[in-house]
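Working notes, beginning with the structure itself.
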Amino acid sequence: MKDLKLDKDGYLVNLSDWSPEVAHQLAAEDDLVLRDDHWEVLNLLREYYQKFEHAPSQRPFVKYVANQLGKDKGNSIYLMKLFPGSPAKLAARIAGLPRPTNCF
Amino acid sequence: MSQSICIISTQAPYRGQFAKEALDAALVSASYEIPTSLLLMGDGVYQVLEGQSPDQLGRKNIASMFQSLELYGIETVYIDGESLGERGIAPEQLLPLYTLLEGDAVASFLAQQDKVLSF
Amino acid sequence: MATLHTVNKTGQPLELCLRALNAGDSVLLLEEGVYALYEAGDVLSELLRHVAVHVLDADVLARGMTNRDNLDIDMIDYQGFVELTETNDKVVSWF
């Protein structure tokens, strides 16, 4: 287990510390075991961050997933099952992105 | 129907945090499904010039953030045409996501808004 | 929807404000915006034909400004500022 520097909300302080192993470690803190369907969304979220320079709040997150993977996956229920609670926040944390600033 | 908010952004993209904060405000407001518009005036029009790469400044690319607006339900960015003209900027040099407001259109657009925030 | 426009600097803020005015709006010059009394006499006299222009007395006095062109501009105090925000539907600040 790597000793990670996290902020008070559990997000990585240095985004460059992220790796797939780190993602598993972060997910474990929320009792999540990452499967392929998680990774599909996590990779998409990282791609979003590359493209738009911020972590999205819930609505654009859902819309982006819908645009890229179709409506079967781009809906709140599906994402809620994968990342319970607040999917935009939890997925951003595991994907090694900053906390969505426009998401309270 | 909730009240409409217009965010006016008047500063150049990497001048302090003004441009980023204006965008953040627009994204927050749109996330709450408040009818939100973004109006660029003065040096603010430089924010949507194509071809920005601020990596060496260690700053986030403002233009990239603009491209996410559609996912937040903000379909267009309003731009004061006179500010473009004064700076010799042709509309083709801008990201293709704007609506130009010419002449009195700026004043009448603002008159329709319930709340206006400036950055 | 009447709007109160506050302008705290001459140059871009004042110019952009002029573009955004509708009949029935009010303008309040404050902080460095009060220098418009020196720099922009002709702009202000034009402005006065369409909208009400006010200056914040504390900022005028602090900077030793005088109303050079004797324009019909209303000096108000902070209480007057508050009243303006109440009588208008919204406030737009130009800085």
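Points to keep in mind about this one:
- Test for B:E92: is it surrounded by fewer than 22 Cβ atoms within 10 Å (Cβ to Cβ), out of contact with any Leu (no Cβ under 8 Å at 6 or more places or on another chain) and modelled with pLDDT under 95: yes
- B:G81 vs. criteria at pLDDT 95 or above, surrounded by fewer than 21 Cβ atoms within 10 Å (Cβ to Cβ) and of a type outside the set (A, V, I, L, M): yes
- Tally, over the stretch A:1-52, of residues that are touching a residue at least 12 places away in the same chain (Cβ under 8 Å), touching a strand residue (DSSP E or B) at 6+ places or on another chain (Cβ under 8 Å) and assigned to a loop (DSSP other than H, G, I, E, B): 3
- Scope the stretch A:86-99; condition surrounded by 20 or more Cβ atoms within 10 Å (Cβ to Cβ) and either at pLDDT below 95 or not in a loop (DSSP other than H, G, I, E, B) (or both); matching residues: A:P87, A:A88, A:K89, A:L90, A:A91, A:A92, A:R93, A:I94
- Identity of the residue in the stretch A:53-85, in a helix (DSSP H, G or I), in contact with a Leu (Cβ under 8 Å, 6 or more places away or on another chain) and buried (at least 20 other Cβ atoms within 10 Å of the Cβ), that ends up nearest to the other protein chains (Cβ to nearest Cβ): A:P60
- Single residue of the stretch B:82-119 satisfying the filter (farther than 21 Å from C:D25 by Cβ and among the small types (G, A, S)) that is farthest from the other protein chains (Cβ to nearest Cβ): B:A90
- Unique match (being in contact (Cβ under 8 Å) with a residue 60 or more places away in the chain, closer than 25 Å to C:P13 by Cβ and within 13 Å of chain A (Cβ to nearest Cβ)) among B:A63, B:A25: B:A25
The values are calculated or read from the model by the stated rules, or taken from the named source; none is laboratory data. No experiment lies behind these values; they were computed from the predicted model shown. With ideal geometry, Cβ positions are generated from the backbone for all residues, glycine too; neighbour counts draw on all protein chains shown.
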